[in-house]
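Below is one structure, written out as structure tokens; the observations come after it.
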Amino acid sequence: MSTVNLPLAERKRLKKKKLTKHHLANILTHWFNAFSWGFLLATGLAPLIKWHESWGLFWGFVITFNVLVGFRRYFMPFGARRMLLDQDDLEWFKQYGRKLAGLSYQLPEQDDYNAGQKAFSYVVILGIITIIITGLIMTFSPQVMRATGGMQWIIQWAMPLHFTAVGLVVAGLVVHIYMGAIFPEERSAFFSMFSGKVDALYAYSHHHKWYKRYIRAEQAWEAQERAKDIEMGVGTAVSDAELDELAGD
Ligand code: HEM
């Protein structure tokens, strides 16, 4: 959704308004994960393998614990809204391909995560599950051998699978880090990974479906509070202009 149809005063108002996109637990988990990836990639080679195993176990435990504790409250809604691809997402891939090829394009409205980010989350989630399972098999290979009565192939398969999953996530990360940290259009998203907030102008133009839902929820809350004020006799009359704004016109 382009912002060119908005007058400058409105663009300025939206630029100042902040919308909450990420909560603290999300931010802390993200940076813990990002730090861990840096550390684990640097220590994955033989001389530092003990560091790799220890931090890998800790990282795997924290990630698994977070997912299990928040499975119903956070992980399921996360999966439903941030991963399931709808018709607009499929169109987004087509249009983004045109954009990259330098052709004319019109990106459809996107939710709080665009189709590219949704696709990346599959790579991350499937990759991390594979990495944790194969990492555990390699770390505890003597115990695995004993428990399976010497099924060495399990350990032999664990290493190439571990490397393949890491390779796929790292390939996605190259784009993710470029988009997150360098791409100028996504600057607001980068800062939101620290403050939790994006400006409304960015939300309006990049995540319009989410923007509309957010503003509607805000308006519903405001209307409810206003009704309480009026009930208590402290409310002021609502002007036509305000009614229009509450209705989103
Ligand atoms: C220097 C490294 C990194 C930077 C600069 C970075 C940047 C970002 C930014 C800006 C966002 C917010 C996107 C938005 O709100 O539209 C984000 C979200 C996300 N990042 Fe990263 N990232 C980094 C490392 C990683 C790593 C290593 C992973 C996983 C392997 C990862 C996985 C994710 C996921 C799954 C999300 C969405 C979930 C959430 O809201 O927490 N990131 N990242």
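Tabulated results
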read-out: Test result for Gly60, open to solvent by less than 60 Å² (accessible area, probe 1.4 Å) and either away from the ligand (no atom under 16 Å from the Cβ) or more than 30 Å from Tyr211 (Cα to Cα) (or both); value: yes
read-out: Tabulated pairs, region 200-226, first farther than 16 Å from Arg13 by Cβ, second open to solvent by 30 Å² or more (accessible area, probe 1.4 Å) and of a type in the set (Ser, Thr, Tyr), C-beta under 8 angstrom, 6+ apart or interchain; value: His207/Tyr113
read-out: Selection from region 83-95 of residues that are open to solvent by 40 Å² or more (accessible area, probe 1.4 Å) and either part of a helix (DSSP H, G or I) or in contact with a strand residue (DSSP E or B) (Cβ under 9 Å, 6 or more places away or on another chain) (or both); value: Gln87, Asp88, Leu90, Glu91, Phe93, Lys94
read-out: Positions within region 179-196 being under 13 Å from the mean Cα position of the chain (by Cα) and outside any helix (DSSP H, G or I), in sequence order; value: Gly196
read-out: Count of residues meeting criterion [open to solvent by 20 Å² or more (accessible area, probe 1.4 Å), under 23 Å from His23 (Cβ atoms) and either out of contact with any helix residue (DSSP H, G or I) (no Cβ under 6 Å at 6 or more places or on another chain) or not in a helix (DSSP H, G or I) (or both)] in region 103-123; value: 6
read-out: Meets criteria (of a type outside the set (Phe, Trp, Tyr), more than 15 Å from the ligand (Cβ to nearest atom) and out of contact with any strand residue (DSSP E or B) (no Cβ under 8 Å at 6 or more places or on another chain)) for Ser54; value: yes
read-out: Any hit, region 42-59, residues being closer than 26 Å to Val174 by Cα and of a type in the set (Ser, Thr, Tyr); value: yes
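Rundown of residues vs (1) of a type in the set (Ser, Thr, Tyr); (2) at pLDDT 95 or above; (3) within 14 Å of the ligand (Cβ to nearest atom), yes/no style:
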| position | (1), (2), (3) |
| --- | --- |
| Thr164 | yes, yes, no |
| Gly167 | no, yes, yes |
| Val170 | no, yes, yes |
| Ile182 | no, no, yes |
| Lys212 | no, yes, no |
| Glu218 | no, no, no |
| Ile230 | no, no, no |
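The values are calculated or read from the model by the stated rules, or taken from the named source; none is laboratory data. This structure is a prediction, so every number in the text was calculated from the model and none was measured. As a convention, Cβ positions derive from the backbone with ideal geometry for all residues, glycine included, and neighbour counts pool all protein chains shown. Surface areas here come from the heavy atoms of the whole protein model, side chains and all, with no ligands, DNA or RNA. Shrake-Rupley method; radii C 1.70, N 1.55, O 1.52, S 1.80 Å.
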